[in-house]
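What follows is one structure encoded as structure tokens, with my remarks underneath.
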Amino acid sequence: MNWSWMLPPSFSTVSGDIDGIYYVILWITGITFFITEGLLFYFIFKYRHKEGRKATYDHGSTKMEIAWTMVPLVIVLWIGVVSKGVWDTVKVDVPPAGLEVIVTGKQFEWNVTYPGPDGALGTSDDFETLNELHAPVDQPVVITLRSDDVLHSFFLPEMRIKQDAVPGQDITVWFEAIQPGDYTIGCAELCGIGHTTMGGTLTVYTAADFQAWSSSQAQQQQP
Amino acid sequence: MSTIEQEMVHAAEGGHHDHHELPFIRKYIFSTDHKMIAKQFMFVSLFFLVIGGLLATMMRWQLGYPSQPMPGGMLLPDAMMAPTPNGAIMLPEFYNSLVTMHGTIMIFFAIMPLLVGLFGNLLIPLQIGAEDMAFPRLNMISFWLAVPAGILMLSSFAVEGGAAGAGWTSYAPLSASGEWTGVYLGQQLWLASLTILGFSSLVGAVNYITTVINMRAPGMTWFRMPLATWALFITAILILLAIPVLAGALIMLLFDQTLGTGFFRPEVGGEPLLWQHLFWFFGHPEVYILILPAMGIASEVLSNRARKPIFGYHSMVLAIIGIGFLGWIVWGHHMFMSGMNPLLGTSFMISTMAIAVPSAIKTFNWLATVWKGDLHLDSPMLYALAFVSMFIIGGLSGIFMASTPVDIYIHDTYFIVAHIHYVLFGGSLFAIFAGITFWYPKMFGRMMNENLNKLHFGLTIVLYNLVFWPMHNLGLQGMMRRIYDFTQYEYLAPLQPMNEFISISVFLLVAAQSIYAFNFFWSLFKGEKASNNPWDSNTLEWTVPSPPPHGNFPEMPVVYRGPYEYSSPESETDFYPQTTPPPSKPPVQELIPEPVTPTPEGF
């Protein structure tokens, strides 16, 4: 059993920053946890009822109230500011695409459309894969995420990517893998009876291997 | 004279002076006495608490032993379980119903009516010195709307297609049409039930607000009100403003389901995200509806059992009010991954970070309350201390989700399942145990058995943590919530031992609750007789007999001080009831701030 509070390894250009903020919060909350719980247990032990003990008659202290209002406020707002930068990188500032694909969720599969040899989506040489996303390493993969029916959530745990697919909306998601290999695609939003089976594989290739795979697929799928 | 006129005359004559014995049906069933209604809410919601727990054990069977025959599964119909030669295996559609109904029942039919229906009804009139609620018959209606809502909700298990299976949040479009789930009538019953329950809550909220504003005894100024009543008052305001939004959304979704309208269905021009905005605009205040009364109860018990004034009474009140305001502008943090504009995500992150502050203030004040106290570590105090300890964990884990980039990874994973249970079980439910144990003598005139309670406390706090702590770790490993068979994912399959460990802990945790149930019923008949004030408390409910008579106070109480004057040098004992006149200053009428005679209004 894994009782660790460490995150599993991650493999995208932004995942290091995301994990970094996680560890910052883990340190802050961890220290707060030990201090507050420690004090609570210490007080329970130290001030437990004994014959002759009398509680201190004390209504509070404005100084302490100000302290424990301002210190948490500054800390959480600082976490907010740091988080904003990474959030913008992941969700707002989409880089120029190395590969553009359309991912469409529907009960209970992920359909991926690739641009084909002409490099443009929506043309006759587009080809598709089911429950597989193939991508080159070290290039931003920009996904247009769609849904045909209900909400799904496109989850690439190793890339630290998650985005709901919403019917009627085109949502842009991007990631850039830093190491070739096979990774998981999951659905993280309850989408019906087969929700649990809506998984797939993300395969990341070197640039050359991806080219080879892409052209072979394009040829196979030519009508 | 008509009955209404008779009642009005009776009320005008002072109401509580000559109460003849009411017939059984008016006393125990269609009662207008707030204490009886509180008990009715308690029994019904404890029943639902048991149901919710049993649903959880079935869910945990499937997670601990994915797709293995469930013991006793053969007793369930084929619509829920697939029979095999070795036993019956749970179907995914039934698992989805379990997920949905466990959440719905625990939130709407167990925790909320325990906190608001039980403690709101029991404590508000008694703690402010009122003879009953402002509108006793509305109060009765509030309970009798909740009952049919509960019956409708449970009956949905028996209809064709089974109970609702789109999660307790019922996200559209999954919930908007049976074609996606195979659940038609079940989802509609879910919507109808919650709409009716919403009316029940609204009626109750109006009553609480009116009662607190109008019916406080002479001398019971706003800042002499006990924190439990403060919390319940702010909670009632949140209910009054939040439930109409939910009711509107539920009715729109019901129209989408039954009439084919397109509020949330994109194929006919609807907007799925609208449901989420409406649901969470209600749903986040709801989170505070579920924790504020628990905070109030814990404050009462901590101060009393520490024999020490609550630390920073005014900041405690301001923190409750602050949460009441900030609670309205954080709903978007449930929707960071929803496809909502990511710039909006940043604003919701900042407001969410800000709402951590009032919770921190309350926690530090609780710590400072037990600091240098004289801690009587009996069972209500143990439950209340557990509340503080577990709420700290739930509060801290919330910061992870509040940070938008971290939420990308842990959103919709078991990390959030851990978080919500640390707040709602570790927080609210431990406070409910504290509250029921603490006010049990006032409700029933008998004490609960202390040894059994300590045994229950010890088992519950340990098993509870064995269940929910490792869920953080599951979430960090990427295990999604609401997933029927996680072993379908190769990277999640190694988590089976931990899931099995959690499931076994759940079975023991649920079994341990029978100790409390036994103690509860046993003490009704065999418990030690309770005095009027077994906890040496200051607040008004402890000045009247246990249980209090109809009309509560034989004479209008007069309040001289705040509720937490424990170990005051002015008093010879370590408590100083709110009604004890100050020494050297006899209770001259002029000293009493504007004697308000509460008008005993009928409905």
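Structure values in brief
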| item | result |
| --- | --- |
| Spatial separation of Cα centroids for segment B:481-530 and segment A:159-209, in angstrom | 34 Å |
| Which listed pairs, of B:Lys27/B:Lys529; B:Lys372/B:Lys454; A:Lys50/B:Lys39, have C-alpha distances above 26 Å, in listed order | A:Lys50/B:Lys39 |
| At 1.567 mPa s and 4 °C, Stokes D of the protein assembly as shown from Kirkwood alpha-carbon radius, µm² per second | 46 µm²/s |
| Angle in degrees between helix B:272-289 and the longest Cα principal axis of chain B, rounded to the nearest 10 | 30 degrees |
| Chain A: angle of helix A:62-87 to the longest principal axis, Cα-based, in degrees nearest 10 | 10 degrees |
| Residues losing 40 Å² or more accessible surface upon assembly, segment A:130-150, compared with the chain by itself, 1.4 Å | A:Asp149, A:Val150 |
| Which of B:Phe391, B:Gln188, B:Met447, positive extreme of dipole for the protein assembly as shown (C-beta unit charges) | B:Met447 |
| Occluded residues from segment B:241-273, i.e. those whose accessible area drops by 10 Å² or more once the chain is not alone (1.4 Å probe) | B:Pro266, B:Glu271, B:Pro272, B:Leu273 |
| Fraction of antiparallel bridges per DSSP, segment A:95-220 only, in percent to nearest 5 | 70 percent |
| A:Lys91, B:Lys27, ranked by accessible area, largest first (probe 1.4 Å) | B:Lys27, A:Lys91 |
| Segment A:31-130 - accessible surface per residue (Å², probe 1.4 Å) | 56 Å² |
| Chain lengthening between A:Gln179 and A:Lys54 when straightened (0.36 nm per residue, less Cα-Cα) | 38.5 nm |
| Lys/Arg +1, Asp/Glu -1 at C-beta; the protein assembly as shown dipole; positive extreme among B:Pro380, A:Trp68, A:Tyr205 | B:Pro380 |
| Using a Förster distance of 60 Å, the FRET efficiency for B:Ala82-B:His314 (Cβ separation, nearest 0.05) | 0.50 |
| Global form of segment A:4-91, assessed from the alpha-carbon gyration tensor, a/c cut-off 1.5 | oblate |
| Chain B, dipole about Cα centre (Lys/Arg Cβ +1, Asp/Glu Cβ -1), debye to the nearest 20 | 760 debye |
| Pairwise FRET efficiency - B:Leu54 versus B:Phe325, Cβ, R0 = 45 Å, nearest 0.05 | 0.75 |
| Angstrom value of the Kirkwood radius, inverse mean 1/r, which spans all Cα pairs in chain B | 25.2 Å |
| Taking chain B and dividing mean pair separation by its residue count, relative contact order in percent (alpha carbons under 8 Å, at least six apart) | 18 percent |
| Calculated from backbone phi, Karplus (6.51, -1.76, 1.60) coupling profile of segment B:393-401 in Hz, x at Gly/Pro | 5, x, x, 5, 5, x, 5, 4, 6 |
| Solvent-accessible area buried by A and B, counting both chains, probe 1.4 angstrom, square angstrom | 8000 Å² |
| Heavy-atom accessible area per residue - segment B:87-196, 1.4 Å, Å² | 22 Å² |
| Residues of type aspartates and glutamates that A:Lys46 reaches as a straight line, Cα spacing below 12 Å, ignoring anything fewer than 8 places off in the same chain | B:Asp374 |
| Candidate lysines - alpha carbon under 22 Å from A:Lys162, same-chain residues fewer than 8 apart omitted | A:Lys84, A:Lys91, A:Lys106 |
| Cα shape, segment B:97-248, gyration tensor, a/c 1.5 rule | prolate |
| Sequence of B:Arg265, B:Arg224, B:Arg26 from largest to smallest accessible area, 1.4 Å probe | B:Arg26, B:Arg224, B:Arg265 |
| Electrostatic dipole magnitude of chain A [Cβ: Lys, Arg +1; Asp, Glu -1; Cα centre; debye, to 20] | 1760 debye |
| Computed label-point distance, nm, for sites B:Ser568 and B:Ser584 using a 7 Å Cα→Cβ extension | 1.5 nm |
| Inter-label distance, nm, simple model (7 Å from Cα along the C-beta direction), B:Ser347/B:Phe47 | 4.6 nm |
| Coarse-grained scattering of segment A:95-220 at q = 0.22 Å⁻¹, given as base-10 log I(q)/I(0) from a Debye sum over alpha-carbon atoms | -1.36 |
| Selection from B:Gln127, B:Ala172, B:Ser347 lying farthest towards where the dipole of the protein assembly as shown points positive, charges on Cβ | B:Gln127 |
| Cα convex hull of segment A:87-157, projected area averaged across orientations, nm² | 5.6 nm² |
| Residue-level accessible surface for A:Asp170, protein heavy atoms, 1.4 Å, Å² | 100 Å² |
| Accessible surface ranking that places the most exposed of B:Trp366, A:Trp5 first, with a 1.4 angstrom probe | A:Trp5, B:Trp366 |
| Nitroxide proxy distance, nm - points 7 Å out along Cα→Cβ at B:Asp536 and A:Tyr42 | 2.7 nm |
| Relative compactness, segment A:1-154, computed as alpha-carbon Rg over 2.2 N^0.38 Å | 1.74 |
| Antiparallel DSSP beta bridges within the protein assembly as shown, as percent of all bridges there, nearest 5 | 70 percent |
| Accessible area of the protein assembly as shown belonging to carbon and sulfur atoms, whole % at 1.4 Å probe | 66 percent |
| Rounded to 10°, Cα long-axis angle of helix B:92-104 versus longest principal axis of chain B | 20 degrees |
| HN-Hα J in Hz across segment B:369-382 - Karplus 6.51, -1.76, 1.60, θ = phi - 60°, x for Gly and Pro | 6, 7, 5, 6, x, 10, 6, 8, 8, 8, 4, x, 5, 4 |
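The values are calculated or read from the model by the stated rules, or taken from the named source; none is laboratory data. Bear in mind that the values here come from a model prediction, so they are computed numbers and not experimental data. Note that each Cβ is placed from the backbone with ideal geometry, even for glycine, and that neighbours are counted across all protein chains shown. Surface areas here come from the heavy atoms of the whole protein model, side chains and all, with no ligands, DNA or RNA. Shrake-Rupley method; radii C 1.70, N 1.55, O 1.52, S 1.80 Å.
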